[in-house]
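S.K.: Okay, handing you the structure first.
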Amino acid sequence: MTEIPQSYDPAKAEREWSERWERDGIFRWDPTRSRAETFAVDTPPLTVSGSLHIGHAFSFTQADVIVRYQRMTGKNTFYPIGWDDNGLATERRVQNVFGIRPDPRKAYDPAWQPTRERPKDAPVEEVSRRNFVEACGLVTAEDERAFEDVWRRIGLSVDWTTQYATIDERCRRTSQLSFLDLERKGEAYQKFAPTVWDVDDRTAVAQAEIEDRELPGAYHDIRFSVDGEPPITISTTRPELLAACIAVVAHPRDERFRTYFGKTARTPLFHVRVPILPSEHADPEKGTGILMVCTFGDQADVEFWRGRELPLRQLIGLDGRMRPVRFGPSPFESAEPGEAQAAWAELEGKTVKQAQAKIVEQLRAADALVGEPRAIVHAVKFYERGSRPLEFVPTRQWFVRLLVHKQALLEQGRKVEWRPAYMRARYENWVEGLNQDWCISRQRYSGVPFPVWYPLDADGAPDHSRPIIAAPESLPVDPLSAAPPGYTEAQRDRPGGFSGDPDVMDTWATSSLTPQIASGWPLDMDRHAKLFPMDMRPQAHEIIRTWAFYTIVKAWLHEREIPWRNAAISGWILDPDRKKMSKSKGNVVTPMHLLEQYGSDAVRYWSASGRPGTDTAFDEGQMKVGRRLAIKMLNASKFVLGAAGDAPADLSLVTRPLDRAMLADLGGVVAECTAAFDAYDYARSLERTERFFWSFCDD
RNA sequence: GGGCGGAUAGCUCAGCGGUAGAGCGGCGCCUUUACACGGCGCGGGCCGGGGGUUCGAAUCCCUCUCCGCCCACCA
């Protein structure tokens, strides 16, 4: 028995307990025990690109409380800890810290070392992808140490011997093995197609990373001439895409345009002839009831273009600027090529915004603008980390099939116990709303590479239809620094040789494998069988559509399984003004000083009093209460162990009615708390226990 | 536009069919061994509005209002 201290000194107690837990190894998972005796947790790997805030302490404590309950019931707990140091967040941070940028074409330099001491005006240094990734490792290792200090201080009962990082060798191997399996099954495929593209980061992004933002815009009414009919006026918010117009559409039952269907309209300025077609997606009530379809203004344009024999007139380049375009032969065929080319010359190279201003001038001069632009506010799609609207740009990307699995994924979601149960609706909402497969390739550097090369023909052009897939035993592999089987490094990027796939995978392609990474799939299937499906996935609600969803996808595609039986969804921490706490708002509270001020027990008490899934206001008052409770417990324990330490252990010897009533009450509390914990409702358990404890002390 | 949560004391929240609860804050009282890193007590609420079910509704049903979130629309 640990001696009861005379006074409340949280820092000392926390240190001593932490050391003792470490020494005794009580958080270690015992691989010899059966699956039935095991409680496996799919711990969230925290992004180590910044600092912890109190919300992390809040949600991790809630999970820890459940894990500790399971351990107390005798379960062999598997509670790993991981770090997410893969992806754009890390990449941006490393660029800032070391002033470096990766150049995938550069060769690895083993002697190169990053430095922080560089002049402020020094140019950005370009290094090989491998050197860059090594620099990422230096930064994230420091962050991980700082995070570990907080977790140990707060008493997180994870097994520190199980640490992994999403960019480490094991995760890269698992992630690449996952890709191999999906490619072999035909679930991963590559396609050259219009893809959601971020023009600042110059990478494709997936549906899950898109968010809407309200932005000012304007309707521009533009007059198109029509052969044998009066002109029509279309309404558009993207006049700069006029040259990309491939059709004009109205609703099939819209009487105003009945005689127009099948005829040809002619765009102003560029004099390109486009068909007038009926389409259900045109809303007679909106704008002028007739609209232009461009390649590509929005998702509806992509869908209209797809499956029809219409040309591709891509105007916007990968950098978001107007590309060079020739109004020569098809697809930019113009009835007045000279005039079209002159108009385009003024737009080429401009950003979307600049081009929009310019074309309004041009339209006005050509008397093709009807009235003035009408200002509106509309929702525009952005990459969640981006600062300019997304574009659709045709590029070659790797995808994972989702749409054909929708029904199966809904059914998998129903096999998971969502806690609280209403969180399932968010998952189902998301799955039902899926409109594209999962684009898993990113044109970035820090991440898991695709274990793929492409043969080059005699002209040095890659043949994407015959990818060379790495052998499983060679993983992890970086195709930019290793040659494929049957080739030598000298043949890299040479005609008749090979070229490595330059892309990396979406960070979620790896994060979606956290249960498999921790369980050892697919290399240690005995261990995997003892841990998978796992019991609990703790996570926050805003990443149900990403992390939870993709994890369910991978478990289904690989093994036709659910990844875990329970999804324990935590809420956010709101600042006292009820705004979400986030770094960008500058209202973040960091946990360490709270731990020092109030003690871990107090911070844990506050965390555990937040109900599952519920957003909770940051409240130091609750921490004071927690601190007081801890003190009260210490003192009550001193009293009980001192004054009543020799009480009979055999309950049948307790005969006084008062004592028996107290024990009966206690029995009820234990039963209620046990039931609450089994239902993942730690907050109820805390409330019942606390209430009983105070009445016990009072009486 | 669809979905999900929430509205209970000044504040943060619990209760979810049987006489309105806790903590904080406010006010008052109490220090010679469990606890001043404390303890005890007092005030304070037409349980968002309206309707219904019931012997009985904060609790169940319908409806409205407001707050938050998720998803969709984006010509």
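S.K.: Which one of these does A:LEU347 not meet: (1) surrounded by fewer than 16 Cβ atoms within 10 Å (Cβ to Cβ); (2) away from RNA strand B (no atom under 14 Å from the Cβ); (3) in contact (Cβ under 8 Å) with a residue 60 or more places away in the chain?
M.R.: (1)
S.K.: Condition test on A:THR233, is it of a type in the set (Ser, Thr, Tyr) and within 23 Å of A:GLY386 (Cβ to Cβ)?
M.R.: No.
S.K.: Looking at this structure, is A:ILE376 part of a strand (DSSP E or B), open to solvent by less than 60 Å² (accessible area, probe 1.4 Å) and either more than 21 Å from A:PRO275 (Cα to Cα) or touching a strand residue (DSSP E or B) at 6+ places or on another chain (Cβ under 9 Å) (or both)?
M.R.: It is true that A:ILE376 is part of a strand (DSSP E or B), open to solvent by less than 60 Å² (accessible area, probe 1.4 Å) and either more than 21 Å from A:PRO275 (Cα to Cα) or touching a strand residue (DSSP E or B) at 6+ places or on another chain (Cβ under 9 Å) (or both).
S.K.: Just to be sure I understand the filter: pairs with C-beta atoms under 9 Å, separated by 6 or more residues or on different chains, first member in segment A:549-574 and among the polar types (S, T, N, Q), second member open to solvent by less than 10 Å² (accessible area, probe 1.4 Å) and part of a loop (DSSP other than H, G, I, E, B). Which pairs pass?
M.R.: Matching pairs, first to second residue: A:THR551/A:ASP42; A:THR551/A:SER512; A:THR551/A:LEU513; A:THR551/A:PRO563; A:ASN566/A:VAL416; A:SER570/A:GLY610; A:SER570/A:GLY613.
S.K.: Next question. Got at least one residue in segment A:214-232 being open to solvent by less than 10 Å² (accessible area, probe 1.4 Å) and within 24 Å of A:GLN436 (Cα to Cα)?
M.R.: Within segment A:214-232, not a single residue is open to solvent by less than 10 Å² (accessible area, probe 1.4 Å) and within 24 Å of A:GLN436 (Cα to Cα).
S.K.: Considering each residue of segment A:272-309, count those that are near RNA strand B (Cβ under 8 Å from one of its atoms), surrounded by fewer than 18 Cβ atoms within 10 Å (Cβ to Cβ) and not in a loop (DSSP other than H, G, I, E, B), and give that number.
M.R.: Residues flagged as near RNA strand B (Cβ under 8 Å from one of its atoms), surrounded by fewer than 18 Cβ atoms within 10 Å (Cβ to Cβ) and not in a loop (DSSP other than H, G, I, E, B) within segment A:272-309 amount to 2.
S.K.: What's the number of the condition A:MET536 fails, among (1) under 16 Å from A:THR162 (Cβ atoms); (2) in a helix (DSSP H, G or I); (3) of a type in the set (A, V, I, L, M, F, W, C)?
M.R.: Every listed condition holds for A:MET536 apart from (2).
S.K.: Can you list the strands (runs of 3 or more DSSP E) found entirely within segment A:200-264 that contain at least 3 residues being farther than 26 Å from A:GLN362 by Cα and out of contact with any Asp or Glu (no Cβ under 8 Å at 6 or more places or on another chain)?
M.R.: Correct list: A:210-226.
S.K.: Further question: Which one is nearest to RNA strand B (Cβ to nearest atom) among residues in segment A:539-570 that are of a type outside the set (S, T, N, Q), open to solvent by 10 Å² or more (accessible area, probe 1.4 Å) and part of a strand (DSSP E or B)?
M.R.: Top of the filtered list is A:ALA540.
S.K.: Restricting attention to segment A:80-97, does a residue exist that is without any contact (Cβ under 8 Å) to a residue 24 or more places away in the chain and assigned to a loop (DSSP other than H, G, I, E, B)?
M.R.: no
S.K.: Now for a separate question. Out of everything in segment A:401-437 that is among the charged types (D, E, K, R) and part of a loop (DSSP other than H, G, I, E, B), what residue ends up being least open to solvent (accessible area, probe 1.4 Å)?
M.R.: If we take residues in segment A:401-437 being among the charged types (D, E, K, R) and part of a loop (DSSP other than H, G, I, E, B), then A:ASP437 is least open to solvent (accessible area, probe 1.4 Å).
S.K.: In addition: Please verify whether A:ASP619 is more than 7 Å from RNA strand B (Cβ to nearest atom), surrounded by 14 or more Cβ atoms within 10 Å (Cβ to Cβ), of a type in the set (Asp, Glu) and within 30 Å of A:LEU574 (Cβ to Cβ), treating the condition exactly as stated.
M.R.: When the stated conditions are applied, A:ASP619 does not pass them.
S.K.: If you don't mind, there's one more thing I want to ask. A:LEU629: within 9 Å of RNA strand B (Cβ to nearest atom) and either open to solvent by less than 40 Å² (accessible area, probe 1.4 Å) or among the hydrophobic types (A, V, I, L, M, F, W, C) (or both), yes or no?
M.R.: Considered against the rule, which asks whether it is within 9 Å of RNA strand B (Cβ to nearest atom) and either open to solvent by less than 40 Å² (accessible area, probe 1.4 Å) or among the hydrophobic types (A, V, I, L, M, F, W, C) (or both), A:LEU629 comes out as yes.
S.K.: Looking only at segment A:643-691, filter to residues that are modelled with pLDDT of 90 or more and of a type in the set (S, T, N, Q); which one of those is surrounded by the fewest Cβ atoms within 10 Å (Cβ to Cβ)?
M.R.: A:THR674
S.K.: Scan A:LEU156, A:LEU182 and give me the residue that is open to solvent by less than 10 Å² (accessible area, probe 1.4 Å) and part of a loop (DSSP other than H, G, I, E, B).
M.R.: Exactly one residue qualifies, and that residue is A:LEU156.
S.K.: All but one of (1) within 21 Å of the chain's Cα centre (by Cα); (2) without any contact (Cβ under 8 Å) to a residue 12 or more places away in the chain hold for A:THR203; which doesn't?
M.R.: Condition (2) is where A:THR203 drops out.
S.K.: Continuing with this model, one more query. Of everything in segment A:202-213, what is open to solvent by less than 20 Å² (accessible area, probe 1.4 Å) and away from RNA strand B (no atom under 16 Å from the Cβ)? Give them in sequence order.
M.R.: Those that are open to solvent by less than 20 Å² (accessible area, probe 1.4 Å) and away from RNA strand B (no atom under 16 Å from the Cβ): A:THR203, A:ALA204.
S.K.: Still on this model: Do we find a residue being more than 16 Å from RNA strand B (Cβ to nearest atom), acidic (Asp, Glu) and touching a residue at least 24 places away in the same chain (Cβ under 8 Å) anywhere in segment A:5-17?
M.R.: The answer is no, given that none of the residues of segment A:5-17 is more than 16 Å from RNA strand B (Cβ to nearest atom), acidic (Asp, Glu) and touching a residue at least 24 places away in the same chain (Cβ under 8 Å).
S.K.: For A:ARG23, only one of the following conditions fails: (1) within 16 Å of RNA strand B (Cβ to nearest atom); (2) open to solvent by 50 Å² or more (accessible area, probe 1.4 Å); (3) assigned to a helix (DSSP H, G or I). What is its number?
M.R.: Result: A:ARG23 fails condition (1) only.
S.K.: Tally time: how many residues in segment A:350-372 are at negative phi and in contact (Cβ under 8 Å) with a residue 12 or more places away in the chain?
M.R.: 14
S.K.: Scan segment A:117-139 residue by residue and report those that are modelled with pLDDT of 85 or more and either aromatic (Phe, Trp, Tyr) or more than 20 Å from A:PRO479 (Cα to Cα) (or both).
M.R.: Listed by number, the residues that qualify are A:PRO123, A:VAL124, A:GLU125, A:PHE132, A:LEU138, A:VAL139.
S.K.: Now for a different question. Could you tell me whether segment A:390-400 includes any residue that is under 29 Å from A:SER128 (Cα atoms), open to solvent by 60 Å² or more (accessible area, probe 1.4 Å) and part of a loop (DSSP other than H, G, I, E, B)?
M.R.: Scanning segment A:390-400 turns up no residue that is under 29 Å from A:SER128 (Cα atoms), open to solvent by 60 Å² or more (accessible area, probe 1.4 Å) and part of a loop (DSSP other than H, G, I, E, B).
The values are calculated or read from the model by the stated rules, or taken from the named source; none is laboratory data. Just so it is clear, the model here is predicted, and its values are computed rather than measured. Counting neighbours? That spans all protein chains shown, and the Cβs are built from the backbone with ideal geometry, glycine included. The accessibility values were calculated without ligands, DNA or RNA, using every heavy atom of the protein model including side chains. Shrake-Rupley method; radii C 1.70, N 1.55, O 1.52, S 1.80 Å.
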